[in-house]
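Report on the following structure.
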């Protein structure tokens with residue numbers, strides 16, 4: 001009898017925790033105001049560390065078109081589009097385009113392994129505390145911001161891209 005009562009209390013507690021988590025999530029999505037960076041906005045400035053330990057500030061890239069991509073090594077669509085970003089970057093970097101890939105909250109080992117595996121030569125930044133991810137209100141990934149030479153966001157893209165998409169978007173932000 002005591003075992004049944006204990007099981008019942010554990011099950012009830014788990015159910016209560018699940019209901020509270022779902023309720024909180026719904027509340028956050030339905031009743032709180034997220035200020036999402038949108039096309040037409042000035043891209044919020046930030047400073048993050050790259051894979052070489054150097055700091056990079058977004059506003060230092062003014063004058064160039066910036067292809068700002070948020071990603072994770074565990075994200076399959078992110079991984080599929082990385083070769084497209086690299087290939088197009090190799091062409092567009094001499095035309096005033098910078099690719100800035102912001103990794104969300106992963107270890108140096110995971111990031112460096114991913115960068116080496118895909119032979120990435122563009123700037124990869126580390127958002128350790130998710131401050132930039134939260135400032136840009138990133139959900140889901142991959143999410144990409146196309147930023148013109150004045151720092152204005154031209155377009156916000158969510159989801160995976162084809163190589164043709166990447167090429168067309170780089171043309172759009174070319175100074």
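The values are calculated or read from the model by the stated rules, or taken from the named source; none is laboratory data. Keep in mind that this is a model prediction, so the values were computed, not measured. We place every Cβ from the backbone using ideal geometry, glycine too, and count neighbours over all the protein chains shown.
Of note, residue 112 does not satisfy the criterion of being farther than 20 Å from residue 47 by Cβ, out of contact with any strand residue (DSSP E or B) (no Cβ under 8 Å at 6 or more places or on another chain), surrounded by fewer than 21 Cβ atoms within 10 Å (Cβ to Cβ) and without any contact (Cβ under 8 Å) to a residue 60 or more places away in the chain. The single condition among (1) closer than 22 Å to residue 53 by Cα; (2) modelled with pLDDT under 95 that residue 120 does not satisfy is (2).
All of 170, 161 fail the test of being over 28 Å from residue 53 (Cβ atoms) and touching a residue at least 60 places away in the same chain (Cβ under 8 Å), apart from 161. Looking at segment 32-53, is at least one residue on the phi > 0 side of the Ramachandran plot and part of a loop (DSSP other than H, G, I, E, B)? Yes, because at least one residue in segment 32-53 is on the phi > 0 side of the Ramachandran plot and part of a loop (DSSP other than H, G, I, E, B).
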